[in-house]
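J.: The structure under discussion is supplied below as structure tokens; questions concerning it will follow.
The values are calculated or read from the model by the stated rules, or taken from the named source; none is laboratory data. Since the structure is predicted, the reported quantities are computational estimates derived from the model, not experimental observations. Here the Cβ positions follow ideal geometry from the backbone for every residue, glycine too, while neighbour counts run over all protein chains shown. Surface accessibility is based on the protein's heavy atoms, side chains included, excluding ligands, DNA and RNA. Shrake-Rupley method; radii C 1.70, N 1.55, O 1.52, S 1.80 Å.
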Amino acid sequence: MTSELITSKDLKKIDPVFGQYSFDDHEQIVFCNDKDTGLKAIIGIHNTVLGPALGGTRMWNYANEWEALNDVLRLSRGMTFKSAITGLNLGGGKAVIIGDAKTQKTPELMKRFGEFVHSLSGRYITAEDVGMTTEDMDTVREVTPYVTGISESKGGAGNPSPITAYGVFMGMKAAAKFQFGSDVLEDKKITVQGIGNVGEELVEHLMNEGAKVIIDDINRERLEEVRDKYGVTIYNGNDIYSEEVDIYAPCALGATINDDTIYKLNAKIVAGAANNQLAEELKHGLILKERGIVYAPDFLINAGGIINVYAELENYGRQEIMRKTENIYNTTLEILDNAKINDITTHNAAFNIARERIETRKQENLK
Ligand SMILES: NC(=O)c1ccc[n+]([C@@H]2O[C@H](COP(=O)([O-])OP(=O)(O)OC[C@H]3O[C@@H](n4cnc5c(N)ncnc54)[C@H](O)[C@@H]3O)[C@@H](O)[C@H]2O)c1
């Protein structure tokens, strides 16, 4: 069937896995299939130099397998640098399940997925991401210990999203301090794109601080719910990127800063929760710099969630989780200053430090 769609000649040209730009030296990629439950998943293990590869599982209705593969590769690579810059002894990994989380997710499918995770003997540890809940992780926990983000009642650290949102809020305040000279967000006009688990919590922090928040989501019900709860404004234009704001907070999916949007972007700061916000890190990071838009690197400021789940592995408590997450403020300021002094993009400033930490550990491990 597939050979009718893609000839062997074309397959070679496409270089489906190792040749993908997003492959970027992944250690291992696992394709999981189970006919009975309908499970089709891909686990990406990018790098395990600092420790086991930890990263959430995303369930999404991808248009095709290329999209799913590309997503998991980009996400797992991002986790490597996120844990490295945050100072955690974790490697980078991620998983995607292809399908609609609302209609296709069943306990059987989640358990089967857990069995695949278990088969990797701890090289990959999962957690929740888009389309997943704490309850789903509890289901996975029934078949493998290699899962975090489980309920507090079951000994876990609970839903990581509020902590992620707090870290993003800290990173955003640091970016404001850098760009505006003050980290007070009162009266700042901020668009929050995607008001899911993290987006909503971020909205709450911003409203408590007196910001002027505009929300956007593809889910109309959610928009109305969040508007009624916090008294925020729903975006009603047709191009959110062109909206003149102080801060744009991408909290939906990745790659919203791309060739189509980057020159339209009418914000002074980009700071949000979404992973892989820059479609092309080097190119789009540079354009943001040239346009004077301060970009708070996503993998730096959205690390609250991983700090929270790491607590389950390292047995530290709430106080330490909050301390580490609050420290995102200081790290972000340091990175933004470092980028300015060295005249490099903020993405590169963060990336270089993360890469250096991995390289140092690699050399130590070789001794
Ligand atoms: N949950 C965490 O702790 C965590 C940690 C780090 C990074 N992230 C990242 O943050 C982002 C949000 O995570 P979440 O847990 O809140 O997910 P979520 O699924 O709860 O929310 C995502 C929201 O984005 C909306 N959305 C999707 N496409 C959109 C579009 N094109 N325009 C506007 N809205 C759109 C969805 O309708 C949904 O309401 C993701 O990119 C995730 O990878 C989450």
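J.: Taking region 222-244, which residues are acidic (Asp, Glu) and closer than 13 Å to Glu200 by Cβ?
T.: Across region 222-244, the qualifying residues are Glu224, Glu225, Asp228.
J.: Here are some conditions: (1) in contact with a helix residue (DSSP H, G or I) (Cβ under 7 Å, 6 or more places away or on another chain); (2) open to solvent by less than 70 Å² (accessible area, probe 1.4 Å); (3) closer than 24 Å to Arg291 by Cα. Val198 meets all but one. Which one does it not meet?
T.: (3) is the only condition that Val198 fails.
J.: If you don't mind, there's one more thing I want to ask. On the given criteria, is Asn338 in contact (Cβ under 8 Å) with a residue 24 or more places away in the chain and either within 18 Å of the chain's Cα centre (by Cα) or part of a helix (DSSP H, G or I) (or both)?
T.: No.
J.: Now for a different question. Could you grab me the full set of residues in region 199-216 that are in a helix (DSSP H, G or I) and of a type in the set (Val, Ile, Thr)?
T.: The answer is Val203, and nothing else.
J.: Every residue in region 162-192 that is more than 21 Å from Ala350 (Cα to Cα), within 11 Å of the ligand (Cβ to nearest atom) and either at pLDDT below 95 or open to solvent by 20 Å² or more (accessible area, probe 1.4 Å) (or both), please.
T.: Within region 162-192, Pro162 is the sole residue that qualifies.
J.: Do you know which residues across region 296-323 are crowded, with 24+ Cβ neighbours inside 10 Å and either more than 16 Å from the ligand (Cβ to nearest atom) or among the hydroxyl-bearing types (Ser, Thr, Tyr) (or both)?
T.: The one that is crowded, with 24+ Cβ neighbours inside 10 Å and either more than 16 Å from the ligand (Cβ to nearest atom) or among the hydroxyl-bearing types (Ser, Thr, Tyr) (or both): Tyr310.
J.: Return the residues of region 257-312 that are charged (D, E, K, R), touching an Asp or Glu at 6+ places or on another chain (Cβ under 7 Å) and in contact (Cβ under 8 Å) with a residue 40 or more places away in the chain; say none if nothing qualifies.
T.: Correct list: Lys268 only.
J.: Turning to a different aspect of this structure: Quick check on region 228-271: of everything there that is of a type in the set (S, T, N, Q) and crowded, with 17+ Cβ neighbours inside 10 Å, which residue is farthest from Thr332 (Cα to Cα)?
T.: This residue is Thr261.
J.: Taking Thr345 as the residue in question, decide whether it is surrounded by 19 or more Cβ atoms within 10 Å (Cβ to Cβ), over 18 Å from Gly91 (Cβ atoms) and in contact with a Lys or Arg (Cβ under 6 Å, 6 or more places away or on another chain).
T.: In short, yes.
J.: Check Lys94, Lys40 and return the single one that is open to solvent by less than 10 Å² (accessible area, probe 1.4 Å), charged (D, E, K, R) and either more than 28 Å from Ile328 (Cα to Cα) or touching a residue at least 40 places away in the same chain (Cβ under 8 Å) (or both).
T.: Lys94
J.: For region 287-305, state whether one or more residues are of a type in the set (A, V, I, L, M, F, W, C) and over 20 Å from the mean Cα position of the chain (by Cα).
T.: Yes, region 287-305 has at least one match.
J.: When residues of region 133-147 are filtered for being crowded, with 24+ Cβ neighbours inside 10 Å and within 13 Å of the ligand (Cβ to nearest atom), how many remain?
T.: So the count comes out to 2.
J.: Please verify whether Val192 is under 16 Å from the mean Cα position of the chain (by Cα) and within 29 Å of Glu27 (Cβ to Cβ), treating the condition exactly as stated.
T.: no
J.: In region 201-211, which residues are open to solvent by 50 Å² or more (accessible area, probe 1.4 Å) and either within 11 Å of the ligand (Cβ to nearest atom) or out of contact with any helix residue (DSSP H, G or I) (no Cβ under 6 Å at 6 or more places or on another chain) (or both)?
T.: If the condition is that a residue be open to solvent by 50 Å² or more (accessible area, probe 1.4 Å) and either within 11 Å of the ligand (Cβ to nearest atom) or out of contact with any helix residue (DSSP H, G or I) (no Cβ under 6 Å at 6 or more places or on another chain) (or both), then Glu201, Glu204, Asn208 are the ones that fit.
J.: Would you say Glu326 is more than 12 Å from the ligand (Cβ to nearest atom), at pLDDT below 95 and charged (D, E, K, R)?
T.: For Glu326, the condition - more than 12 Å from the ligand (Cβ to nearest atom), at pLDDT below 95 and charged (D, E, K, R) - is not met.
J.: What's the total number of residues in region 149-161 that are open to solvent by 40 Å² or more (accessible area, probe 1.4 Å) and either assigned to a loop (DSSP other than H, G, I, E, B) or modelled with pLDDT of 95 or more (or both)?
T.: 2
J.: Right, another one. Of everything in region 250-293, what is outside any loop (DSSP other than H, G, I, E, B), of a type in the set (A, V, I, L, M, F, W, C) and under 21 Å from Ile190 (Cβ atoms)? Give them in sequence order.
T.: Matches in region 250-293: Ile257, Ile269, Val270, Leu278, Leu288.
J.: With the requirement that a residue be surrounded by 16 or more Cβ atoms within 10 Å (Cβ to Cβ), in contact with a helix residue (DSSP H, G or I) (Cβ under 7 Å, 6 or more places away or on another chain) and farther than 30 Å from Thr360 by Cα, what does region 106-127 give you?
T.: Met110, Lys111, Phe113, Gly114
J.: Related question: Failed condition for Asp217, given (1) modelled with pLDDT under 95; (2) within 16 Å of the ligand (Cβ to nearest atom), with all others met?
T.: Condition (1) is where Asp217 drops out.
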